[in-house]
Amino acid sequence: MSDGTSIGPDHEGLRVRLSRALAVVVTATVLALGIVSVWAFETAVAPELANRTRLIGLILRDEVQRALDLGIPFDALVGVEVYLADTIEKFDEVERIAISSQTGRVIAEYRRPESGGFLAESALWDAVAMRAATFSLPILDGNRLVGEIAIDVSPGFVRTRMRDVFLDIVVIALVAVLIALELALAIVTQSVSKPLARVMRLLDEQRAGVFLHRIRPGGLGGLGRTAARLNDHAADLAQRFAALPSAACARLEAAAGTRFAAGLPAQLRLTDLADIRLSLFLLSVGSEIAAAFLPVYSRAAARPDWLPPELAAAAPLLAYLAAIACLTPFGSRLVRHVGARALFLGSLPVIVVALAAMGFAQSVAGIALWRGVIGLAYAAATIACQDYAIRAGGTAGAARAVGGFMAVIYAGVFCGASIGGVVADRFGTEAAFMLAAGLVALAGALALGTMVGDPRGAARTQPRPRAAPARRPLDLRHLALVLGIAMPLNAATAIVVWYLTPLMLTEAGAGPAETGRVVMLYYLAAVLFGARTTRFAEGRSGPTGPVLAGALIAGCALMSLALWSGFWPIAAMIAVLGLGHTLIRAPQYAIAVAIEARGGPGLGTLRLFERIGAIAGLLMAALLIGPQGAGAGIALLGLAVLAGAGLYAVVLILDRDGQGRGRTP
């Protein structure tokens, strides 16, 4: 195996064009499906609903008629309101039932309490939903008409069902766009981009007189034939060169300025983020498919009497974060000793088994145990992929490599949170976990064929610095980055997104699908703007500008819950918080890489303290903050985020010339 070499093509332009094309196609499809659904409902479901409501009215009238037949006067009916309320509770499509006399006096009436719902009533829903309908049936006392019973069909029932179906379709459409985008990029990379890069690299080598390598033939059209022809050149010259005496070989190489392989030319492997992109995406989807319902799922499981519900809800997340924190300090060593490919592929079967076991776990202890196992394996897999991406991109492209890595991760989490909520709501949590296990298994199968390069080779081919910088035990910039930015960021994610938001929405009556739609808003910004943040980090202000701007946005978003409460404020806060964190993530890793290059602590320390911040914050939230007092707690967390950003800014100003050594200007 030859030294791996980074190719590093910029897929962003292709990604943008594919995204636009897929968005147009899927949007048109969703709109057409929505129109067909409305038409199908009006023509098929609405008449059946009317017949069902009329049947309910007949049953109610028969009960009233039975009372009249027993000699009870119509005006003296007692307890009818309770009976009507019980009937409405059983039939969601009924909004109001009223019994009135012939003169119009209301004898008994019960109306379904109004529910604000999570989506405000709008002209759109009024246009597509069924209009309110009233069915009136006469009540007879013998042969005399004494009154009537009226039943109003609830347009809100129709509207709610259509809204849920429509939003599920939108979620599935968004997931389809992202999956189609990743598949399209993978196909383009494997059939055009990488074969072309291999051909161009080998052609450059042979033009410079280097015939040491061969490449794997592949690609569309003439790319495969070109690769085979260049391989034949190198193999033929190597065979001829091997037949010459050693002295003649040396004279020939010196005179012609060429280099030939001794034997079969070595395989040239090119490494790139695209090698792991699709597998990493599917791994992220599968691993985070329970993000929308995991705290609620754990809180409802069997637990010891001494364990409060809040800690039961947080236990799987704590186990997950603790497992990641335990492995993080050793992640880079594992990659160096085992290799990125072997570590990634070895972690996936563990995740598959643990996900399947979580689906059948009956207790909090079992759920937390298997979630911790997933945390260990997931940390190993993602550290392997991150190391692969950074080494393939090189030190100069660290921000771009990490930005691409984070974009793939959060696109997968976005899909996992959204589709997991839909599947759990429609088919149950067991089905969601089984789907997750299948996706992770598919990720492993794809990685077997695509993750073939050796990014460690890429690091060896890069020129080494003449003298490594001396290691410094303390770097003020790194310390401020860890304490002021990284730890509050991860604490906010664990507390707000993973823990409190599902609990708050469940307390408000939301189901897993609705919760999943809100949670996915956090990751939407990373999907839309994640790649752009790398451009900001490479701009004039460097990575510190996006980091400080993101911390300011995130802190203000968290503090907004001190002023507003309810579904929409929570949804808006989650979306803006995701935007702020998107601005922070890739640039902070670029800063850590730069500090490590100067001899200070680097990515390993940053990753460790990220996990410590998330664990400490989640544990405090489980002990001190419940769903009822979550708004005030989240606002205080926002103050902490702003204070951390201020600390980091002050250190940057004081240490402008010191470069981390603590020397003021």
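One table, with the values for the structure above:
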read-out	value
Loop-located chymotrypsin sites (Phe, Trp or Tyr not before Pro) in the range 545-632, at most 12 other Cβ atoms within 10 Å (DSSP)	564
Net charge of Cβ neighbours under 12 Å - reference residue 292; Lys, Arg +1; Asp, Glu -1	-2
Inter-label distance for residue 25 and residue 562, nm, one decimal - labels placed 7 Å from Cα along Cα-to-Cβ	4.9
Förster-model FRET efficiency, 51 Å R0, residue 144 and residue 362, C-beta, rounded to 0.05	0.25
Packing-based exposure ordering (other Cβ within 10 Å, fewest first) of 619, 503, 137	137, 619, 503
Residues 321, 442 arranged by fewest to most Cβ contacts within 10 Å	442, 321
Ranked list, fewest to most other Cβ atoms within 10 Å of each Cβ, for 410, 523	410, 523
Approximate spin-label separation residue 32-residue 338, in nm, with each point projected 7 Å along Cα-to-Cβ	4.7
Label point distance in nm, residue 17-residue 650, each placed 7 Å from Cα along Cα→Cβ	5.1
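Quick note: the coordinates plus some simple rules give every number you see, no bench work behind them. Since the structure is predicted, the reported quantities are computational estimates derived from the model, not experimental observations. Here the Cβ is made from the backbone with ideal geometry for all residues, glycine too, and neighbour counts use every protein chain on show.
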